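Worksheet for the structure shown next.
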Amino acid sequence: MNRYPALLSALRTIVGEAYVLTEGDLTGYELDWRKREHGKALAVVRPASTEQVAAVVKACAAAGVSIVPQGGNTGMVVGSTPDASGTQVVLSLTRMNAVRTLDAANLTITVEAGCVLQTLQEVCEQAGFLFPLSLASEGSCTIGGNLGTNAGGTQVVRYGNTRELCLGLEVVTAQGEVWSGLTGLRKDNTGYDLRHLFIGSEGTLGVITAATMKLYPLPQSQLTALAAVPSLQAAVDLLGLAHRHLSAGLTGFEVMGQFALRLVVKHFPQQRVPFYESAPYCVVLENSDTESDSHARSQLERLLEEALEKGCVTDAVVAESMAQARALWHIRESIPLAQAQEGLNIKHDISIAVSRIPDFVAQADAALEQAFPGVRLVNYGHLGDGNLHYNVQAPAGQDGETFLREQENAVNAVVYALVDAYKGSISAEHGIGSLKREKLEKHKSPVALGLMRSIKTALDPHNLFNPGRMLAARDH
Ligand code: FAD
Ligand code: MLT
Ligand code: ZN
């Protein structure tokens, strides 16, 4: 028997019978992408408009039932699925996926929160524009989720995180009011910039229903190269050269450790992965050029020539076609999937000043190998932004679940103590969710935590939105 029959009936009246799901297989809404926690929803509610979202919020608030906003459910930190209580409503935004307007002269597009990122990229490209946010989950993540997490991805080195790409939001507040902030203005200093409170708030402050995002001209040429580098320090040196040679043309700079590439070869044997057997790290780099293919190529070749001369690159290949470029990017994007196939793992989404990353990794590798003999380190990520996915897989032959149960806290303690020592961040782009909530308390200053709690209490006094995520429920 369902609890809250009056609320369920009200929700059915608001969104329609077919869009309040309480029975059948709800795994896609209740289990997080990494399969870390399987929650239980009171109902999954799928509104079709901002007005419906507002009415759902009011009905849930009146019944004292909390709401978990959800987009594509690709988040990495267990923030978009319900807890196990069976008393939370999952508010899935995926039916709200329309592109509302594209203003070519203003270089903006206004889109609903449930629009899948790849759809948005394609709509923009068909109109002759670039929407540069790019993540391996783009086939299913949504722009609302990207804003909710302030997602990063592979183009941040040039275009910034989702926050930098957003000019305005429409949000349903905890009172069920609609804040219409879809201005598309590039300058607006009329008080607090509310949009920045909601971006990266992981569904804890309000429901984003639409957003106005920046567009860029499509580049004339996008060239991708894969370079083998003899060390992480060499990769950092290559990044310095790439900034100097390519300037704003440098749109991607991703590093991949040898074991990460081995996992790709193991789980996706159809992929051809150059250089990985002989190089400890490989780098994917991308040059986007406003002039021409030949200009882009000569720039990239000059960069690689100098890098080879200086010894920071030992071998390199430049894609000759779009298909080859996609294949190189596909190697990088396959790493999280290959890692998931290898088994449960401990993810560390960390950022550190680029200049200090080689020392950090040398120290962390040594400390982990000593404390957990045989441990397998899957190191890759957005080196151009100082963001590493410094992940830890159980020793070969050991069950991932047991390893996580027995060692996750100890592994985290080693890595995060070093992150602190290097003045880095314990979450560069994935957010906090419930997986990192307790870690946030240890690694964020009391002053910062106090300000965060004040904001939560002011905007969501009854803890309606995503309670227990990011901040402990008792905190406000
Ligand atoms: P969900 O997972 O549904 O939700 C994420 C959070 O946002 C939750 O807290 C949720 O409550 C909140 N939320 C969702 N929609 C709304 C809304 N409309 N209003 C308010 N809050 C909302 N992340 C990166 O940053 N960079 C990467 O390179 C990257 N690569 C990935 C690769 C793979 C293969 C996978 C599986 C994930 C990757 N991610 C990456 C993580 C994930 O895709 C991003 O966090 C993404 O932004 C989540 O979008 P989503 O629509 O799936 O959101
Ligand atoms: C990535 O960059 O591939 C993602 O952030 C996903 C991950 O860390 O696994
Ligand atoms: Zn990433």
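Only the coordinates and a few stated rules stand behind these numbers; no lab work does. Keep in mind that what you see is a predicted model, and the values were worked out from it rather than measured. Glycine gets a Cβ as well: all are built from the backbone with ideal geometry, and neighbour counts include every protein chain shown.
According to the calculation over all Cα-Cα pairs in the chain, the P(r) per 20 Å bin from zero is 24, 55, 21, 1 %. Counting only residues at least eight positions apart within a chain, or on another chain, the aspartates and glutamates with an alpha carbon under 14 Å from that of Lys436 are Glu37, Glu202, Asp349, Glu408. Each Lys and Arg contributes +1 and each Asp and Glu -1, all at the Cβ; summed about the Cα centre of the range 396-476, the dipole is approximately 380 debye.
To test your reading of the geometry: what angle, between 0 and 90 degrees and rounded to tens, separates the Cα axis of helix 5-15 from the longest principal axis of the chain? Rounded to the nearest ten degrees, it is 60. The modelled label-to-label distance between Gln175 and Gln370, using points 7 Å beyond Cα along the C-beta direction, is 5.7 nm.
Just the C-alpha atoms of the range 366-476: what Rg/Rh do they give, with Rh taken as the Kirkwood radius? Please list the in-between numbers first.
Details: Rg = 16.5 Å, Rh = 16.0 Å.
My calculation of the ratio gives 1.03.
Against the chain, whose longest principal axis comes from its Cα atoms, helix 357-371 is set at around 80 degrees. For the cross-link pairs Lys266/Lys442; Lys35/Lys423; Lys40/Lys456; Lys40/Lys187, which exceed 32 Å when the distance is taken from alpha carbon to alpha carbon? Result: Lys266/Lys442; Lys40/Lys187 exceed 32 Å.
Taking GluC sites (Glu not before Pro) across the range 187-278, the ones in a DSSP loop with at most 13 further Cβ atoms lying within 10 angstrom of their Cβ are Glu277. DSSP loop GluC sites (Glu not before Pro) in the range 296-352 with at most 13 other Cβ atoms within 10 Å of their Cβ, which ones? Passing both the DSSP loop test and the Cβ count: Glu320.
Per 0.36 nm of contour for each residue apart, how much would the distance between Gln270 and Glu17 grow if the chain were fully extended, relative to their Cα-Cα spacing?
Additional length available on full extension: 86.6 nm.
Our note on the geometry: Cα centres of the range 298-374 and the range 1-41, 40 Å apart. Normalised by residue count, the range 170-294 yields a Cα convex hull volume of 207 Å³ per residue. Between the helical axis of 258-267 and the longest alpha-carbon principal axis of the chain there is an angle of about 70 degrees. If R0 is taken as 60 Å, the Cβ-Cβ distance between Asp399 and Arg163 corresponds to a FRET efficiency of 0.95. Between the range 402-433 and the range 74-106, the alpha-carbon centres lie 27 Å apart. I'd like the FRET efficiency for Thr101 and Ser278, computed as 1/(1 + (r/R0)^6) with the beta carbon distance as r and R0 of 41 Å, rounded to 0.05. Computed FRET efficiency for Thr101 and Ser278: 0.20. Stretching Ala417 away from Arg244 to a fully extended chain increases their span by 58.9 nm, per 0.36 nm per residue minus the current alpha-carbon distance.
When each of Ser137, Ser454 is scored by the number of other beta-carbon atoms lying within 10 Å, the sequence from fewest to most is Ser454, Ser137.
According to the Kirkwood relation over distinct C-alpha pairs, the hydrodynamic radius of the range 92-249 is 16.8 Å.
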